[in-house]
Amino acid sequence: MNITFIGGGNMASALISGLLQQGYATSQLHVVEISAENREKIKRELGVPTVADLASGIAESDVVVLSVKPQQLHELALKLAPLLNNQLVISIAAGIRAIDISRWLDGYQRIVRAMPNTPSLVRAGVAGLYAASDVNEQDRKNAEAILTAVGSVLWVDDEEMLHTVTAISGSGPAYVFYFIESMQQAGIELGLTPKQARQLSLQTFVGASELASLSDEDAATLRTRVTSKGGTTEQAIQVMEKNDVKSKIMAAINAASERSKEMSNEFSKL
């Protein structure tokens with residue numbers, strides 16, 4: 001499987017690095033990148049061929065990954081449309097529906113949308129995937145193989161569910177960083193050094209996430225087990241419950257989902 005990435009940003013670099021670690025040859029992976037500086041960086045760090053020309057970049061490809069910013073996808077798709085030759089097209093551009101990508105590609109339907117997240121940069125990501133109508137089973141396997149190079153995947157049958165994926169896992173790392181930031185600040189104010197507060201906060205998240213991942217029990221049960229009656233954890237949870245923290249987190253995620261829908265609607269007007 002020969003794969004061309006159009007756009008050589010962080011996510012494309014992460015996917016290429018993951019694929020190389022899985023045994024792909026550098027000759028199977030290509031990057032189309034208009035920035036000469038970025039082309040040189042990709043060649044130097046990853047060793048894969050890079051070109052500026054779109055036509056030559058996708059000529060021998062089985063899969064084309066659209067890894068540009070959402071604001072750049074419309075212009076790119078118009079240029080790409082006459083060049084496609086039955087390749088599978090995977091878009092990792094957030095917020096742009098398959099129907100709009102298809103319209104910009106003159107009705108091309110062999111499209112998979114992917115919503116990865118930033119932990120993909122350390123091969124610990126998760127991506128939501130949606131397949132358009134002309135995507136066959138082998139295409140789905142190929143798309144899954146590419147995205148699992150940097151983490152796990154979740155297929156959704158309803159494309160609108162990608163708004164939820166965006167709100168939970170796409171934006172989710174920022175929520176986690178926000179909580180870590182708060183824990184670190186509290187630690188510092190209670191007398192820890194910044195280095196100590198960082199170590200405790202980060203390792204607590206890593207350890208708790210690993211414990212939850214390996215357990216068959218849900219998060220609520222695991223939380224209850226840590227919350228001894230009359231203890232310190234109970235006191236902290238009571239403060240969170242009093243301040244309605246859970247519902248505020250849920251409201252924030254709903255707001256992210258709604259914004260994802262608004263963005264999709266805005267792009268659909270192009």
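Being surrounded by 15 or more Cβ atoms within 10 Å (Cβ to Cβ) and part of a loop (DSSP other than H, G, I, E, B) is the filter here, so list the residues in the stretch 18-33 that pass it. First the steps, then the outcome.
Going residue by residue through the stretch 18-33, those that are surrounded by 15 or more Cβ atoms within 10 Å (Cβ to Cβ) are 18-20, 24, 28-33.
Within the stretch 18-33, TYR24, GLU33 meet the criteria.
Need the failing condition index for ALA186 against (1) in a helix (DSSP H, G or I); (2) touching a Gly at 6+ places or on another chain (Cβ under 6 Å), just the number.
(2)
Please work out which one of (1) within 29 Å of the chain's Cα centre (by Cα); (2) surrounded by 13 or more Cβ atoms within 10 Å (Cβ to Cβ); (3) outside any helix (DSSP H, G or I) is the condition PRO173 fails and give its number.
Among (1) within 29 Å of the chain's Cα centre (by Cα); (2) surrounded by 13 or more Cβ atoms within 10 Å (Cβ to Cβ); (3) outside any helix (DSSP H, G or I), the lone unmet condition for PRO173 is (3).
Restricted to the stretch 114-139, and to residues that are farther than 19 Å from THR164 by Cβ and either in contact with a Leu (Cβ under 8 Å, 6 or more places away or on another chain) or among the aliphatic types (A, V, I, L, M) (or both), which residue is most open to solvent (accessible area, probe 1.4 Å)?
Looking at residues that are farther than 19 Å from THR164 by Cβ and either in contact with a Leu (Cβ under 8 Å, 6 or more places away or on another chain) or among the aliphatic types (A, V, I, L, M) (or both), I get VAL122.
Please verify whether GLU60 is open to solvent by 50 Å² or more (accessible area, probe 1.4 Å) and part of a helix (DSSP H, G or I), treating the condition exactly as stated.
no
Mind checking which pairs have a first residue in the stretch 158-181 that is more than 15 Å from TYR130 (Cβ to Cβ) and in contact (Cβ under 8 Å) with a residue 12 or more places away in the chain and a second that is among the hydroxyl-bearing types (Ser, Thr, Tyr) and open to solvent by 30 Å² or more (accessible area, probe 1.4 Å), Cβ under 6 Å, 6 or more apart or different chains?
PRO173/THR118
Report every pair of residues separated by at least 6 positions or lying on different chains whose Cβ atoms are under 8 Å apart, first residue within the stretch 228-254 and closer than 19 Å to TYR178 by Cβ, second surrounded by 10 or more Cβ atoms within 10 Å (Cβ to Cβ) and aliphatic (A, V, I, L, M).
Matching pairs, first to second residue: LYS246/MET240; ILE253/ALA167; ILE253/ILE168; ASN254/ALA167.
The values are calculated or read from the model by the stated rules, or taken from the named source; none is laboratory data. Just so it is clear, the structure is predicted and the values come from calculations on it, not from any experiment. When we count neighbours, we look across all protein chains shown, and the Cβ atoms used for this are built from the backbone with ideal geometry, even at glycine. Keep in mind that these areas ignore ligands, DNA and RNA; they rest on the heavy atoms of the full protein, side chains included. Shrake-Rupley method; radii C 1.70, N 1.55, O 1.52, S 1.80 Å.
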